[in-house]
Amino acid sequence: MLKKIAPSIAIVSILLLAGCSNTTNLEQQIQSLSSKVDSLTMKVDAMSSDVAASKSMSESNNTEIKMLKSAVDSASANANKANMRLDNLVSSYKK
């Protein structure tokens, strides 16, 4: 019985040792994946920075739009007052 098991044990141990001895390809693949992850991390960081800058610019633009709307409303109110004064002036000459 030992004569039948011994060759099987020898073959299995040789295969295990052969599988464990050739790790350079695996290490290269791990290094390649690691560099790809690092590259993607840098791209995500750059995109996050771009998004933050866009958000800041959008908030700044919203503030400017509100200021312009206020100025337009003020100018419109002043124009309406001026038109009313002119209408009153014209009506006083017609009488």
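Each value in this text was obtained by applying a stated rule to the coordinates, not by laboratory testing. This one's a predicted model, so the numbers in the text were calculated from it and none came from an experiment. Cβ sites come from the backbone with ideal geometry, for glycine too, and all protein chains shown count toward neighbours.
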Name the most mobile residue of L68, L26, L15, meaning the one with the largest mean-square fluctuation, in a Gaussian network model of the chain with Cα contacts below 10 Å.
L15
Spin-label model distance (nm) - L68 vs V51, 7 Å beyond Cα toward Cβ
2.7 nm
Please compute the modelled spin-label separation between S91 and I14, points set 7 Å along Cα→Cβ, answer in nm with one decimal.
11.5 nm
Just to check, using Stokes-Einstein with a Kirkwood Rh over alpha carbon pairs, what's the diffusion coefficient of the chain at 4 °C and 1.567 mPa s in µm²/s?
59 µm²/s
Using each residue's phi in the stretch 27-37, evaluate 6.51 cos²θ - 1.76 cosθ + 1.60 at θ = phi - 60° and report the 3J(HN,Hα) Karplus result to the nearest Hz, with x for Gly and Pro.
5, 5, 5, 5, 5, 5, 5, 5, 5, 5, 5
Give a residue-ordered list of calculated ³J(HN,Hα) values for the stretch 45-55 (Karplus: 6.51 cos²θ - 1.76 cosθ + 1.60, θ = phi - 60°; whole Hz; x for Gly, Pro).
4, 5, 5, 5, 5, 5, 5, 5, 5, 5, 5
Summing +1 for each Lys or Arg and -1 for each Asp or Glu, what net charge is found among the other residues whose Cβ lies under 14 Å from the Cβ of S74?
+2
Rounded to 0.05, the calculated FRET efficiency for the beta carbons of S32 and E59 at R₀ = 41 Å is 0.50
